[in-house]
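Read the structure below first, then the notes.
Read-outs throughout are calculated quantities, based only on the coordinates presented, and are distinct from any laboratory measurement. Every value quoted in this text rests on a predicted model; they were computed, and no experiment measured them. Methodologically, a virtual Cβ is constructed for each residue, glycine included, from the backbone with ideal geometry; neighbour enumeration extends over all protein chains shown.
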Amino acid sequence: MNNEFVKQFENNIKFNYTCFDRVIIKGYILKFFSIGVIVNFLKSMGFSKRHNGVLRIFTDQLNDHIQKEAKKDNIPIKWWPAIGGKNGAKLKYVEKYFNKRYKPLKKSTDHVFCIITDKEPVQTISSKEVRSIKGRLYNKFYKVRKPVKQYYIYFHDSVLGGPCYLKISSYLPFHCELYFNGHNFIKQKLDEIGVKYRMKENAFVDVSEPEIIENIAKELDGRLINDRINYWMDRFFKFDKGKYSTRSKYLQHDWYVGQAEICSNVVFKSSKFFTSLIERILDKFSRIGLPDSISKIFSKRPRRSESKTFVRLYDNNACLKHWFRRNSIKQYNKQGYLFRTETTINNPKSLGLKKSVLYLQSYLWFGLACNEKLLDCCANVDISTIADEKVEIFNKPVLDQRFRKISAPDLRKDRQYHLYDELLKAKYKSFGFKTSDLAKSMKEHFQNPGQIRYELKKLIVRGVVKKKKNKSFYEVTGFGWKYLFLSISSKRYFENPMISKSLKNDIQKSCVQPSKFEEAYRNINDGLNTITQQLALSK
């Protein structure tokens, strides 16, 4: 990437790269969208009658073939509702229960994790009996949307990595689908050439040679995907004939890009710096989703009814997402130090892209261009206002693990000031403390332990105090000692003396030259501000 955002923050950036993320390829037998073609196909296969029993023959033959393949290679078949599965959770289930099983095997081999079956409503055909004008009864095919058994074949591919899945609908017109992740493809290639890397979820957070990632991403093109699809379809999409399985030449799918996510990832050196930066970006650029602005990102004419913006939580971090003609672009803080800008193409036709899988590489370049334009917008941030410290969390409410709002500490409260002072005592550093210990020492300031727990909660969610592992004691963290000492010192030696001095009217009355007093007061105030800023920025 070569945009203004990367140039502005290059001293704070570890490395950056762009690649495909989630990609879904959909397969259709185009001629089977016509009922007449299906009728002619059945006639060519020797079936003259039009009823559901004929259609069921093809379904049974497909089921038998997949069952034989599973039995031959000892592949487990799971009925999704029986294992309590939820929508959209199949991939997580496979990664949790089956991915570890195949780790000892060579990554350059093809192997199937499992086959998950489920029923989903899809568009298919069915037969019904109708009466003609002359009163004769006959069967007629018609299009219908109904629940049909689906096969999700999860596998590791020797080229694409894994896990991927091939989805096969068991009923005419046999719609299919392939899913893979571009990060797994890059991971597979890095393993082959021996480049060291570290991943967290589906993101690279450390690579010994980061420039190689860009070159690998360019290798993922439509011809490669088409070859891998044909390999897996030749294995599983066949019809059992008893002693052998085969597939008619008329049952050939055409493959199109259903969804493509192109992500540009910027890995920062410091999570503290980036956390402060992303907050300013989300606040400043939320209006990019307006029709006139978002249309410039996608290089298309604006349409007010086809754009929208919303903010949601992604792993407890804010995600700013803009929609345009059913396509989207979003930005979020993924790992605390990884800034992801991601273009999702769901409607390629509206963006002037061709849907055939052979044009997959053009999706990468188009998505990269959109990401670059949005990142250029985000370059207009004043870096001098960003501190590499956790300062703002002490001035505003934050959310705990249960998304409950916890108010900010307030040292104007006498009991909170004395609690800070108490926690800095050396006797708590070695062995920690309990709420009961603080209650005994601070009877004058707290009426009951509940008040202590309330004030401690403000410090726990901000990382000042933490609970010892497998123990009932609390302790002050390293960051907490610095914060508590700085807060007490600022209150005791700077704020209180300045406030008390400003309230002494007798000093002002005795001053012969008020203008010089005011000038001296301003100099002191400026000096104190400089000292407190330097203390806050030092760690």
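Miscellaneous remarks
- Unsatisfied cross-links (Cα-Cα over 32 Å) in the set LYS31/LYS334; LYS26/LYS196; LYS272/LYS330; LYS26/LYS78: LYS31/LYS334; LYS26/LYS196
- Between THR477 and GLN447, full extension at 0.36 nm per residue minus the direct alpha carbon distance yields a gain of 8.2 nm.
- From most to least packed by mean Cβ count within 10 Å, the peptides 145-153, 34-42 give 145-153, 34-42.
- Where labels lie 7 Å past Cα in the beta-carbon direction, separation of LYS43 and ASN74 in nm: 5.0 nm
- Rounded FRET efficiency, nearest 0.05, which uses the C-beta distance separating THR246 from ILE133 and R0 of 45 Å: 0.60
- Computed E for LYS96/LEU224 - FRET, C-beta separation, R0 30 angstrom, nearest 0.05: 0.55
- Approximating the spin labels as points 7 Å out from Cα along Cα→Cβ, the SER299-to-GLN67 distance works out to 5.3 nm.
- Too-long pairs where the Cα-Cα distance tops 26 Å, listed order kept, from LYS434/LYS458; LYS90/LYS373; LYS146/LYS321: LYS90/LYS373; LYS146/LYS321
- Difference of contour (0.36 nm per residue) and Cα-Cα distance, ARG145 to ILE524: 128.7 nm
- Simple point charges give the picture: +1 on the Cβ of Lys and Arg, -1 on the Cβ of Asp and Glu, and for region 90-217 a dipole about the Cα centre of about 1160 debye.
- Note on region 1-110: dipole from Cβ charges, positive end direction compared against CYS19, ILE35, ASN99; the farthest Cα belongs to ASN99.
- Length gained on full extension, SER271 to ASP110: 54.2 nm, using 0.36 nm per residue less the C-alpha separation.
- Here region 394-503 is treated with +1 on each Lys and Arg Cβ and -1 on each Asp and Glu Cβ, and its dipole about the Cα centre works out to around 440 debye.
- Cβ-defined net charge surrounding GLN61, 12 Å radius [Lys, Arg +1; Asp, Glu -1]: +2
- Simple rule: put +1 on each Lys or Arg Cβ and -1 on each Asp or Glu Cβ in region 174-216, find the dipole, and look at ILE216, TYR197, ILE186; the Cα lying farthest toward the positive end is TYR197.
- Rounded FRET efficiency, nearest 0.05, which uses the C-beta distance separating ALA369 from VAL195 and R0 of 25 Å: 0.35
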